[in-house]
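**Q** Mind looking over this structure? Questions follow.
The values are calculated or read from the model by the stated rules, or taken from the named source; none is laboratory data. All values derive from a computational prediction rather than experimental measurement. Positions of Cβ are backbone-derived with ideal geometry, glycine not excepted, and every protein chain shown enters the neighbour counts.
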């Protein structure tokens, strides 16, 4: 057996966005909230903890305003330094979604992976950037990834990230499986009435098709934009498609599951999808 205890957070933004001072205060409270959740996870012996998409603030992509560019940071930078200290203090691997500025004008929706010693193992940049009616205007804020689909070696196993809107695209999910991912974190921000039916459907399908665990988390509560309620329901699904743990639709909480990474080998042996692939017949997918 290769037992690992994993967790994901779901948390509500409760700040004000009327002024910069109010936003700054709300961001500090949000970071402190996640520090408390991380301490709680440590008390419960969690080994790997994933935060929700853009965990430090509100889901600002619900409006188009250049004021939010000021909250992008370099990596490494002040936020990653603070999270590195937190990971080391709690002896826990952290999966931390944030807003990255590579250089002025080069902004990404990025997730940083920090190991239990406080070392940054690397980062994932969101590949698929939505721009939809009713408050998902992410192309105003983010460039699509230019670093592909990395896998991160940890003391427990191989982990990866596939952020929010990415989950609608099976191609990247398959690449992560082919590269050996055993746990894929899917930090998200999605509202009720928009994706409820797809929420457990898509990630469970990716888990089965690729023989890995998926840990998917979502915000909770209403934010100042008035375009919908974030419905939480964060969960962990195993390579057989079984949901092992799931959160509520409205509470700040950690969703925790005990998993055995040997199941990845078991399922890939039983369902040899990778063996039976026919990549030589798939050329058209890049031409259509």
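**Q** Could you check segment 188-204 and list, in sequence order, the residues that are in contact with a strand residue (DSSP E or B) (Cβ under 6 Å, 6 or more places away or on another chain) and either crowded, with 22+ Cβ neighbours inside 10 Å or assigned to a helix (DSSP H, G or I) (or both)? Can you show your working first?
**A** Residues of segment 188-204 in contact with a strand residue (DSSP E or B) (Cβ under 6 Å, 6 or more places away or on another chain): 191-192, 203-204.
Result: 191, 203, 204.
**Q** Out of the residues in segment 1-30 that are buried (at least 17 other Cβ atoms within 10 Å of the Cβ) and out of contact with any strand residue (DSSP E or B) (no Cβ under 9 Å at 6 or more places or on another chain), which is modelled with the lowest pLDDT?
**A** Only one residue tops the list, namely 15.
**Q** From 237, 220, which residue is surrounded by 21 or more Cβ atoms within 10 Å (Cβ to Cβ) and over 21 Å from residue 267 (Cα atoms)? Give the steps one after another, and end with the answer.
**A** Numbers: 237 fails: over 21 Å from residue 267 (Cα atoms).
Selected residue: 220, the only one of 237, 220 that is surrounded by 21 or more Cβ atoms within 10 Å (Cβ to Cβ) and over 21 Å from residue 267 (Cα atoms).
**Q** Additional query: For residue 230, work out the one condition from (1) surrounded by fewer than 17 Cβ atoms within 10 Å (Cβ to Cβ); (2) under 19 Å from the mean Cα position of the chain (by Cα) it doesn't fulfil.
**A** The one condition residue 230 does not meet is (1).
**Q** Related question: Regarding residue 207, is this residue assigned to a strand (DSSP E or B), under 16 Å from the mean Cα position of the chain (by Cα) and under 28 Å from residue 250 (Cα atoms)? Break it down stepwise before answering.
**A** Working: assigned to a strand (DSSP E or B): no; under 16 Å from the mean Cα position of the chain (by Cα): yes; under 28 Å from residue 250 (Cα atoms): yes.
Criteria not met by residue 207.
**Q** When the residues of segment 220-247 are narrowed to those that are in a loop (DSSP other than H, G, I, E, B) and free of Cβ contacts under 8 Å to residues at least 24 places away in the same chain, which ends up nearest to residue 3 (Cα to Cα)?
**A** 242
**Q** When the residues of segment 1-59 are filtered to those that are in a helix (DSSP H, G or I) and in contact (Cβ under 8 Å) with a residue 60 or more places away in the chain, which remaining residue is farthest from residue 155 (Cα to Cα)?
**A** Restricting to residues being in a helix (DSSP H, G or I) and in contact (Cβ under 8 Å) with a residue 60 or more places away in the chain, the top hit is 33.
**Q** If I go through segment 258-282 residue by residue, how many of them are touching a strand residue (DSSP E or B) at 6+ places or on another chain (Cβ under 6 Å) and closer than 16 Å to residue 174 by Cα?
**A** Going through segment 258-282 one residue at a time, the tally reaches 0.
**Q** Considering only segment 164-187, how many residues are touching a strand residue (DSSP E or B) at 6+ places or on another chain (Cβ under 6 Å) and either touching a residue at least 60 places away in the same chain (Cβ under 8 Å) or in a loop (DSSP other than H, G, I, E, B) (or both)?
**A** Result for segment 164-187: 6.
**Q** In segment 61-77, which residues are within 25 Å of residue 224 (Cβ to Cβ) and surrounded by fewer than 23 Cβ atoms within 10 Å (Cβ to Cβ)? Before the answer, list the steps.
**A** So the first thing to find is which residues in segment 61-77 are within 25 Å of residue 224 (Cβ to Cβ), and the list is 61-73.
62, 63, 64, 65, 66, 67, 68, 69, 70, 71, 72, 73 - these are the residues of segment 61-77 that are within 25 Å of residue 224 (Cβ to Cβ) and surrounded by fewer than 23 Cβ atoms within 10 Å (Cβ to Cβ).
**Q** With the condition kept exactly as written, say whether any residue in segment 118-140 is touching a strand residue (DSSP E or B) at 6+ places or on another chain (Cβ under 9 Å) and free of Cβ contacts under 8 Å to residues at least 12 places away in the same chain.
**A** yes
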